[in-house]
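Q: Take this structure first; my questions come after.
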Amino acid sequence: MIGRVNTGGGTGGTLTITAPANVTVTVSKDGKTKAKNSGTSGVVVFKGLEAGTWTVTISGDGKTAQKTVTITTDYSTTIAFFAATITITYPAGSTCTCSDGTTTLTAPDTSGMWACTVPNAGTWTVSSTDDDKSKSGDIVITTDGQIESIDLKYRLDLYNNGETQYAWTGDGTDTATELIMDTPHKLFNNSYGDYGCKYLADPISFPSGYSKLSIRYYCTGTAQTEGSPNRAFCVRSTYSGTARYSSDGVVASVSIGFYTSETVKVIDISSIEAGRSLYVGTFYNSNKNISNYKKYHIKEIWFE
Amino acid sequence: MDIYIDSDFKCHVASGEGRTQIEIDAFDGKCDAYTEGYRFIPSGQTWTRSDGVTFTGEMLAPWKPWAELDAAQREYERERYAALLSELSEVYANVKP
């Protein structure tokens with residue numbers, strides 16, 4: 001029988017072996033061997049054994065028996081006056097840090113999941129970087145034992161200066177780097193023109209983890225001098241038929257006015273659930289005469 | 001239709017203290033539950049979300065889960081349809097041959 005393993009660190013472990021009387025008891029590991037006779041008591045004690053797995057062998061009367069035992073001589077633990085946990089989800093493959101401006105902690109790997117223990121209260125900035133992509137967010141810690149979570153995601157482009165994986169349709173002839181939304185030269189009162197929309201040809205499944213939808217654009221042509229056309233960047237459930245030129249089916253929207261310099265407009269999408277099948281695009285609705293011409297140059301559309 | 005927005009730009013169907021009247025057609029045909037689940041930021045104004053992100057008007061976006069608002073609106077439309085059918089049935093019943 002193999003008996004107690006006394007551990008305690010410092011000069012190694014003590015292994016007490018209870019074996020049949022008057023047999024040779026041998027312990028070995030990594031080429032090192034120690035042997036003793038079990039005597040009349042059958043109890044043998046080996047001291048100063050290093051941590052690890054030892055092979056114990058008894059032999060006598062032409063018989064042999066063997067087994068292994070693992071000796072642990074070192075233990076570690078962490079204790080602090082203050083500890084809070086920030087559960088961080090970040091894009092796998094990225095470097096993630098957490099800093100309060102004084103102390104900076106770094107994720108142990110790039111797996112995309114990190115239970116970060118912070119040692120003091122304060123505002124901790126969690127940052128994820130991967131080449132030229134980065135995202136950060138702040139977590140306010142006030143209490144020992146507090147648990148918070150944060151999900152960092154890089155922006156998701158629907159359109160970026162000509163690059164897109166989606167089919168866009170609508171009105172206007174796009175260039176290699178811009179979606180073009182033409183506005184009509186003239187509309188008659190109470191009728192909708194065939195110009196002024198640019199939108200996804202097919203709805204997308206709204207992605208998770210994003211709270212705003214943005215558009216970067218600029219305008220050319222002359223500013224509207226007559227009437228008050230309603231141009232908007234929107235999320236909507238339909239673009240069919242005349243709905244294209246009205247607010248029917250609009251889930252969320254932001255007006256996009258006439259700017260000759262690149263400008264960004266943003267929609268709060270934090271209450272639009274992921275998985276919903278929705279369109280993204282622009283729409284134009286006017287029942288006014290328009291005597292001047294302007295064009296919208298869409299550079300980027302993205303989730304963030 | 002007229003709606004009323006509070007200091008947090010949340011929409012209401014009734015006036016009240018601290019609410020601003022807004023004329024808007026985005027909620028035409030929408031039930032009260034749908035309308036009051038939205039936030040409207042008028043042109044020239046800015047709203048700051050709790051995470052510090054700012055949004056400028058005119059912006060219209062749900063602040064309640066849109067799935068709930070959509071479900072409420074669909075139920076409202078089903079009830080309206082049933083009521084109209086009932087009214088039509090009465091009309092046809094009273095039409096003299």
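Q: Compare A:Lys133, A:Lys299, B:Lys30 by solvent-accessible area with a 1.4 Å probe and give them largest first, with all protein chains kept in place.
A: Details: A:Lys133 95, A:Lys299 25, B:Lys30 60 Å².
Per-residue accessible area, sorted high to low, gives A:Lys133, B:Lys30, A:Lys299.
Q: Here's something else I'd like to know. Return the sequence-ordered ³J(HN,Hα) values of the stretch A:62-69 in whole Hz as given by the Karplus equation 6.51 cos²θ - 1.76 cosθ + 1.60 applied to θ = phi - 60°, using x for Gly and Pro.
A: Running phi through 6.51 cos²θ - 1.76 cosθ + 1.60 with θ = phi - 60° gives x, 10, 9, 9, 9, 7, 10, 9 Hz.
Q: Using a 1.4 Å probe and ignoring any ligands, DNA or RNA, find the accessible area of A:Glu50 and quote it in Å² to the nearest 10.
A: Estimated to the nearest 10 Å², A:Glu50 gives 70 Å².
Q: Using protein heavy atoms only (no ligands, DNA or RNA), what is the total accessible area buried between B and A, 1.4 Å probe, nearest 100 Å²?
A: Values: alone 6750 and 15860 Å², together 21070 Å².
What B and A bury together is about 1500 Å².
Q: Residue by residue, what Karplus-based ³J(HN,Hα) values in Hz, rounded to whole numbers, does the stretch A:268-283 have, using 6.51, -1.76 and 1.60 with θ = phi - 60° and x for Gly and Pro?
A: 6, 10, 5, 10, 9, 5, 5, x, 5, 8, 9, 9, 10, x, 10, 8
Q: Could you name the lysines in cross-link range of A:Lys29, using Cα to Cα under 16 Å and dropping any fewer than eight places away on the same chain?
A: List returned: A:Lys47, A:Lys67.
Q: Follow-up question, since we're still on this one. For the full complex of protein chains and a 1.4 angstrom probe, list A:Lys295, A:Lys63 by accessible area with the highest value first. Write down the numbers at each step before the final one.
A: On the way: A:Lys295 55, A:Lys63 135 Å².
Largest accessible area first, the list is A:Lys63, A:Lys295.
Q: Provide B:Tyr34, B:Tyr81, A:Tyr259, A:Tyr75 ordered by accessible surface of protein heavy atoms (probe 1.4 Å), highest first.
A: On the way: B:Tyr34 10, B:Tyr81 145, A:Tyr259 90, A:Tyr75 170 Å².
Greatest to least solvent exposure: A:Tyr75, B:Tyr81, A:Tyr259, B:Tyr34.
Q: Output the Cα-based Rg and Dmax of the stretch A:18-173 in Å, rounding Rg to one decimal and Dmax to a whole number.
A: 29.7, 101
Q: Once label points are set 7 Å from the Cα along Cα→Cβ at both B:Ser86 and A:Tyr166, what is their separation, rounded to one decimal in nm?
A: Simple spin-label model gives 4.2 nm for this pair.
The values are calculated or read from the model by the stated rules, or taken from the named source; none is laboratory data. Remember, predicted model here, so these are calculated numbers, not experimental data. As a convention, Cβ positions derive from the backbone with ideal geometry for all residues, glycine included, and neighbour counts pool all protein chains shown. Note: accessible area is taken over every heavy atom of the protein model, side chains too, but ligands, DNA and RNA are not part of it. Shrake-Rupley method; radii C 1.70, N 1.55, O 1.52, S 1.80 Å.
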